[in-house]
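The values are calculated or read from the model by the stated rules, or taken from the named source; none is laboratory data. Model, not experiment: these values are computed from the prediction. In this analysis, Cβ positions are derived from the backbone assuming ideal geometry, glycine residues included, and neighbour counts consider all displayed protein chains.
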Amino acid sequence: MRKVQLVAVFWTLFLAIPLTALALSMAAYLTEHLGEILTSFQNLSQATSAGGRGWIMEFAERWPELAGMIVGQLVIMAILLFTWKTKTREEHSNH
């Protein structure tokens, strides 16, 4: 039992120490370079979207279509679920 505790502590520290150092270094990097990172994302978004308007504008125009597709899929799933339950009840009542 003592060996199990030692192995658990060893692996916890083996993983925790380097990952903590990595998290601290990434937090420091993001703090220093967040403005540059956001600017590069904005430039990429404008360069790769239709008309150079950016992905946020593209998604803002498309969200009603996406919402309609999701609602349609939910309606289809509700109909399938209702018919499946009805069929199951009919099969049980016939036996």
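Below, the figures for the structure above:
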| quantity | calculated |
| --- | --- |
| Residue within segment 67-84 that is out of contact with any His (no Cβ under 9 Å at 6 or more places or on another chain), surrounded by 10 or more Cβ atoms within 10 Å (Cβ to Cβ) and not in a helix (DSSP H, G or I) present | no |
| In segment 52-95, the residues that are at pLDDT 85 or above, closer than 30 Å to Leu38 by Cβ and of a type outside the set (A, V, I, L, M, F, W, C) | Glu61, Arg62, Pro64, Glu65 |
| Selected residue (only one of Ser25, Ser93 is in a helix (DSSP H, G or I), more than 25 Å from the chain's Cα centre (by Cα) and of a type in the set (Ser, Thr, Tyr)) | Ser93 |
| Qualifying residues in segment 54-90 (those that are β-branched (Val, Ile, Thr) and farther than 30 Å from Phe41 by Cα) - the one nearest to the chain's Cα centre (by Cα) | Val71 |
